[in-house]
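Below is one structure; the comments refer to it alone.
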Amino acid sequence: MANLGCGCPGSMARIIEREETVTTETTAKPQSQLRQWPVQLRLLNPAAGYFENADLMIAADCVPFAYGGFHAEFLRGKIVIIFCPKLDADLDEYVDKLAEIFSRHAIRSITIVHMEVPCCSGTTWVVEKALEKSGKTIPVTDKTITIQGTVL
């Protein structure tokens, strides 16, 4: 592996080889499963009613682009929260905001989906710290997506 100026192997440029798939006009277009707006953690209002009795999908920003089945397999029936643990400036702010969401609402479950690159594990760290701070016990499922677009 070449020495990257930034030091993060997740930033290494890669080509992802894919077989071309043929679609026809009769192929149904997938439906968006998005149930609320906004989705970016920094923009969310912790008091928003859509959090009450919700199943949350907390995803790293890159996941929906890397995993083609994101809407159908992960987002359906969930409230989505996205952020980037590498590029977003203040992860402590995110811990505080998620802790407030968890504290204010009855959250049924949390699904975390992040990429396999090392910096993306920060997604799980933020959620764990927020749960700790909120004092709540909420069932958590943690999924990892590969650069090639598969679930580990």
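No value in this document is a laboratory result; all are computed from the given coordinates. Keep in mind the model is a prediction, meaning the values are calculated, not measured. We place every Cβ from the backbone using ideal geometry, glycine too, and count neighbours over all the protein chains shown.
Which shape class, rounded, prolate or oblate, goes with segment 66-152 when its Cα gyration tensor gives a ≥ b ≥ c as root eigenvalues, a/c under 1.5 marks rounded, and past that a/b bigger than b/c marks prolate? Taking the square roots of the gyration eigenvalues as a ≥ b ≥ c, segment 66-152 is oblate.
Using a cut-off of 11 Å between beta-carbons, work out the net charge of the residues near R108 (Lys and Arg +1, Asp and Glu -1, R108 not included). Don't jump to the answer; show the numbers that get you there.
Working: positive: K78; negative: E52, D55.
Here the count lands on -1.
The ranking of V140, V95 from fewest to most other beta carbons within 10 Å of each one's beta carbon is V140, V95.
What pairs from K29/K86; K29/K133; K86/K136 go past 30 Å between their alpha carbons?
Working: K29/K86 32 Å; K29/K133 41 Å; K86/K136 26 Å.
K29/K86; K29/K133, as the Cα separations exceed 30 Å there.
Can you list the residues of segment 63-96 with backbone N under 19 Å from a point 7 Å past the Cα of L34, pointing along Cα to Cβ? It comes to 63-84, nothing else. Placing a pseudo-label 7 Å from each Cα along the Cα-to-Cβ vector at T137 and S103 gives an inter-label distance of 2.0 nm.
Count charges around N53 for me, please; just the other residues with Cβ under 15 Å from its Cβ, Lys/Arg as +1, Asp/Glu as -1. My count for the surroundings of N53 gives +3. The value of relative contact order for segment 35-145, using C-alpha pairs under 8 Å at least six residues apart, is 33 percent. A simple spin-label model places pseudo-atoms 7 Å from Cα toward Cβ; at W125 and D96 they are separated by 1.9 nm.
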